[in-house]
Amino acid sequence: MEMVKISAGALLDIYSVDQLAEAFLVALDRPGDLEVDLQDADSLHTAALQVLLGAKRQCVAEKRRLVFAGLSASLKRQLGIAGADRMLLLESPSNEAEQ
């Protein structure tokens, strides 16, 4: 299946969350699993977390995967503190071969 890629850049703050939501809406209109590139993101606002969780719910409902590339240790830690690491079931593109 084709992988639809989203480059989040620094779109995980309160000022850019609308752009992140729009990027997900566009990506979810295309067939395939979603890969979100987070290599340029160093912090996560709760509004962006809500967008990620909403995208994850949509992917699950459509039997699609949502994977993350470039997830920094800092971002992983923030997701873990929020308990979102379990909700998002963090996968990376490298896990693809294991599935």
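Side notes on the structure shown:
Residue by residue, here is whether (1) among the charged types (D, E, K, R); (2) under 15 Å from D85 (Cα atoms); (3) modelled with pLDDT under 90; (4) touching a Pro at 6+ places or on another chain (Cβ under 8 Å) holds:
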position	(1), (2), (3), (4)
K5	yes, no, no, no
Q19	no, no, no, no
G32	no, no, no, no
E35	yes, no, no, yes
A41	no, no, yes, no
G54	no, yes, no, no
S74	no, yes, yes, no
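- Taking first residues from segment 1-28 that are of a type in the set (S, T, Y) and partners that are modelled with pLDDT of 90 or more and not in a helix (DSSP H, G or I), the Cβ contacts under 6 Å between residues at least 6 apart in sequence or on separate chains come to S7/D37.
- Contact annotation: residue pairs with Cβ atoms under 9 Å, 6 or more positions apart or on different chains, pairing a residue in segment 62-87 that is within 16 Å of E2 (Cβ to Cβ) with a partner that is modelled with pLDDT of 90 or more and among the small types (G, A, S), are R64/G32; L66/A55.
- Counted residues, segment 10-42 - those being under 13 Å from the mean Cα position of the chain (by Cα) and polar (S, T, N, Q): 1
- Among the residues of segment 1-21, those identified as out of contact with any helix residue (DSSP H, G or I) (no Cβ under 9 Å at 6 or more places or on another chain) and more than 25 Å from S74 (Cβ to Cβ) are M1, E2.
- Spans of strands (runs of 3 or more DSSP E) in segment 1-90 with at least 3 residues surrounded by 18 or more Cβ atoms within 10 Å (Cβ to Cβ) and of a type in the set (A, V, I, L, M, F, W, C): 66-69
The values are calculated or read from the model by the stated rules, or taken from the named source; none is laboratory data. This is a predicted model, so every value here is computed, not measured. With ideal geometry, Cβ positions are generated from the backbone for all residues, glycine too; neighbour counts draw on all protein chains shown.
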